[in-house]
Amino acid sequence: MTAGFDVEIELSGFNLDRMHPAAKANLTKLADLLGQLDDEAWLDYIDSGAIDLSALAKELSISRSSLYQNEHIKRYILIKAETLFAKKMIVELPYQTREKNNTSDSSKGIRYSITDKEIREKNLQIKHLQTQVAELSAEIDGLKAEIRAAKQEIERSNVRERHLAQSGRLLR
């Protein structure tokens, strides 16, 4: 915050006498806050490379619509934003429609086509892994059948041995 700040000097380029009293009060509140901010203090009102108008409205207890509809407030915020933009503290000016320019569209198209290619590759990998799982499941089922057969053979062998031990004769 800077010392010795004067709101009237800050707003000297605006015709305050012709403004609606509520608009004048909101502009004065805004100038009183923003005019005193130094570079470090601005960081509280910058979000994702742009001035956070919602945070300003909340801080000043004024409606967001005043920030978006009052031409004097918009002009004042744009003046401040241009200085921040020149200092590279923000990457976009407020009140700009977020149009997708050709470079971002083409890069997004490439990104999506790469993503589609990756999805196709992943789907092929999934199908291959599903085939491997099916083969391994079939192999496990075969091994389980072999184990069952071996257990049955062991059980028959145990029965024969018990019978031989008890009777002295072999089973037919």
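The values are calculated or read from the model by the stated rules, or taken from the named source; none is laboratory data. Because the structure is a prediction, the values reported are computed rather than measured. We place every Cβ from the backbone using ideal geometry, glycine too, and count neighbours over all the protein chains shown. The area values use the complete protein model at the heavy-atom level, side chains included, leaving out ligands, DNA and RNA. Shrake-Rupley method; radii C 1.70, N 1.55, O 1.52, S 1.80 Å.
Data overview
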| read-out | value |
| --- | --- |
| Cα-projected label distance for residue 151 with residue 60, points at 7 Å along beta-carbon direction, nm | 8.0 |
| GNM result for the chain, Cα springs below 10 Å: residue of 69, 132, 152 fluctuating most strongly | 152 |
| Listed values [x] 0.94; [y] 1.67; [z] 1.08, entry calculated as Rg/Rh (Cα atoms, Kirkwood Rh) | [y] |
| Residue among 56, 30, 124 with the largest mean-square fluctuation in a Gaussian network model of the chain, springs linking Cα atoms under 10 Å | 124 |
| Phi to ³J(HN,Hα) by Karplus 6.51 cos²θ - 1.76 cosθ + 1.60 over segment 57-71, Hz, x for Gly, Pro | 4, 5, 4, 8, 6, 10, 6, 5, 4, 4, 5, 9, 10, 6, 5 |
| Surface share of carbon and sulfur [accessible, 1.4 angstrom probe, percent] for the chain | 52 |
| Most fluctuating residue given options 59, 161, 92, as computed from a GNM of the chain linking Cα atoms under 10 Å | 161 |
| Mean Cα-pair separation over length for the chain, i.e. relative contact order, pairs under 8 Å, 6 or more apart, % | 14 |
| Added length on full extension, which subtracts the Cα-Cα distance from 0.36 nm per residue, residue 125 to residue 88 | 8.8 nm |
| Prolate/oblate/rounded call for segment 111-172, Cα gyration tensor, a/c under 1.5 rounded | prolate |
| Ellipticity estimate at 222 nm from DSSP helix runs (n ≥ 4, -39,500 (n - 2.57)) divided over the chain, nearest 500 | -23000 deg cm²/dmol |
| The chain - accessible surface per residue (Å², probe 1.4 Å) | 76 |
| Normalised per residue, the volume of the convex hull around the Cα set of segment 32-77 (Å³) | 77 |
| Modelled label reach - residue 160, point 7 Å along Cα→Cβ, segment 135-150 residues with backbone N closer than 17 Å | 149-150 |
